[in-house]
Amino acid sequence: MTDFLRHIFAFDSNSPLLFTQFYFWAFFAVVYAIFSLLHSKRLLRNSFLFFVSLFFYYKTSGLALLILLFVTLSDWLIGRQIYRNITPTFSQEEVDTDERRVSKMKAKAKAWLVLSVVIDLGLLCYFKYAYFFTNMLNDLLGTGFQVFDIFSFIGNGFSRNGVFDVDKIVLPVGISFYLFQVISYTADIYAGRVKPVSNWLDFGFYVSFFPQLVAGPIVRASEFIPQLYKPFHLSRRHFGIAVFWILNGLVKKIVLSDYLAVNFIDRVFDNPMLFSGFENLSALFLYSLQVYADFSGYTDIAIGVAMLMGFYLPKNFNSPYKSLNPQEFWRRWHMSLSRWLKTYLYIPLGGNRNATFGTYFWIVTIAAIALILTGSWLATGIIAGIGLTVALVGMLRPERRKKIYANLNSFITMLLGGLWHGASWNFMIWGGLNGIGMIVFKFWREMSWHWRMLLLSLLTASLWTIRHFFPMPVWNLFAVWCSVICAGSVIRYIFFLCKGKDSGFTEAMARAWAVIQTFTFITFTRLFFRSGSNLDPATANHEAWETAQNMVRQIGGAWNMQIIPQILIEYDKVFILFFIGMVIHWLPDKFKRWYRLNFAMMPLWIIATVTVITVFVVYQFITADLQAFIYFQF
């Protein structure tokens, strides 16, 4: 009995509490049974779920729970101070008669907001970017500083045997997600979007709600806090939809994501040179489905579990591989992060209105980071040149100023979004490529068809010329890809010259071509994303660069076409599963809503039967070791 209780309540870093474990569903069954007795008592319900969420996080991250508790307390107190000092708390008469006092108190509110951001981002930078900043300092000064975990050192002061390792900083699971949430809380109070939560237990519940705590979606205060005070309500239809989302998420995670990763993707990325160009290219496309199924699968389960308790989390994915362009993709992918970056980064930078001090500050900072990470003055010069060019064009062409500033702020936002995922050059390149893709699309959309074809033809001819004189795999890759895009554009250009009107068929073909182009572009950017994931921060840059180089070398090198049928036969289950997954993803939204609602409204005994069958089938795909969710590392 003692051993059983120790297993239940002790933290085991090798066995975190995952949605894919039976242990989690046993945990949730107990929680839900108790919740059913408390749901009508608001404060008791919220307090219970707060402490349950703390236990869940402890089972996931151990003593990192103390960090969660610290930011919960600090931002709750700071939020109250901000609210006491913002202008809306004054009457109009006070504002009119004592402007100096109002201005002074507003400055205090801003100071409290800055303190909140400094504390939260300071913790995030320490745990997530300590290796990055240490390496940067060593490269600049030629020093030999080593990473030191101050929190482990303090913890050892309270123990006799020094149980914590001070030479390695371990990133707490989900720290990026809950820190972004508390930042949104204080920022929303300052902006007047929400009032502070009066009870610390209620606020703790908002910060730590266990379904979305460790991998999102990122819940903004203005979206979730009003739900803290609403009575519990779960309709018959909502119950069915919640069960659907849970089953949907389990299928995505275990059947699609884990199976594809274990049986093909991980093998190729671990040693690309052992596999052919076709296999490397296939691994890239399969990874696009894997990362979507993994992350959206977690979100689906989180939404379903929360809905069973009467809480509604924001939609985080909207069939992103249906996107017609990179800009639309980022409106459909990880939507909660995209909204957060837009609200708290893009708009403060100036948005689509102007460039601020922050715009040029980040240009200089990113240029310095590029120099340190790559050691290349060329990369630094390109980034600095972009900033200088934008500044000059903005001054000389005022009619184009807003558009240029909007593109620059958008590019910076994407670069910083890349750095949010990890402090290594591969994530910067990934974010930068997505930013460039969005900007190129905006200019492409405004061009006439004549200019489009001229520029695309020149680019294609240039790439083939470069490939001829410098026969390298990377130029082969770019030349072939650009040629395919050019061929598709020529067909549409001929149709345009013939003055044809878009029929339903041609419009559908154009949309399909745009979807395929966008999906291919996003997939190739993921080469840099995947090659640096799951790596030790101390060696991430070198290993990511080597993996990316090897994959490009294989994909852009000579292909043995005769072995492709053999590969398709050998990995037939993998490719069939990929095909089925993409077909389901591309089904019309109306059809998906139809079968989701019809499932929700079936008799309970049918829902129960489908659930049992689905769980049985899903768990036939479970591998020997359960795969952690990809975004746990971020």
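Derived value for the range 553-628: Kirkwood hydrodynamic radius 16.5 Å. Basis is the mean of 1/r over every pair of different alpha-carbon atoms.
With a 1.4 Å probe and every protein chain left in place, work out the accessible area per residue of the range 439-489 in Å², rounded to a whole number. Walk me through the numbers on the way to the answer.
Values: 3200 Å² over 51 residues.
Accessible area per residue, the range 439-489: 63 Å².
Here the range 196-303 has an Rg and Dmax of 19.2, 61 Å, counting Cα atoms alone.
With a Förster radius of 35 Å applied to the C-beta separation of ILE613 and LEU69, the computed FRET efficiency comes to 0.25.
Could you compute the net charge surrounding ASN476? Neighbours are other residues with a C-beta less than 14 Å from the C-beta of ASN476; K and R count +1, D and E count -1.
Numbers: positive: ARG467, ARG553; negative: none.
Summing Lys/Arg as +1 and Asp/Glu as -1 gives +2.
Computed over protein heavy atoms with a 1.4 angstrom probe, the accessible surface ordering of TYR298, TYR32, largest first, is TYR32, TYR298. Residues whose amide H falls under 5 Å from that of LEU17, counting only those 5 or more places apart or on a different chain, are THR60, with hydrogens built in the peptide plane. Solvent-accessible surface of the range 214-263, taken per residue with a 1.4 Å probe and all protein chains present: 33 Å². Within a straight-line Cα-Cα reach of under 30 Å, LYS322 can be paired with the following lysines, leaving aside sequence neighbours fewer than 8 residues apart in one chain: LYS252, LYS253, LYS342, LYS402, LYS403, LYS442, LYS499, LYS501, LYS573, LYS590, LYS592. Other residues whose C-beta falls under 13 angstrom from the C-beta of PRO320 contribute a net charge of +3, scoring Lys and Arg +1 and Asp and Glu -1.
The values are calculated or read from the model by the stated rules, or taken from the named source; none is laboratory data. Keep in mind it's a predicted model, so treat the numbers as computed, not measured. Neighbour counts run over all protein chains shown; Cβ positions are idealised from the backbone, glycine included. Just so you know, the surface numbers come from the protein's heavy atoms only, side chains and all, with ligands and any DNA or RNA stripped out. Shrake-Rupley method; radii C 1.70, N 1.55, O 1.52, S 1.80 Å.
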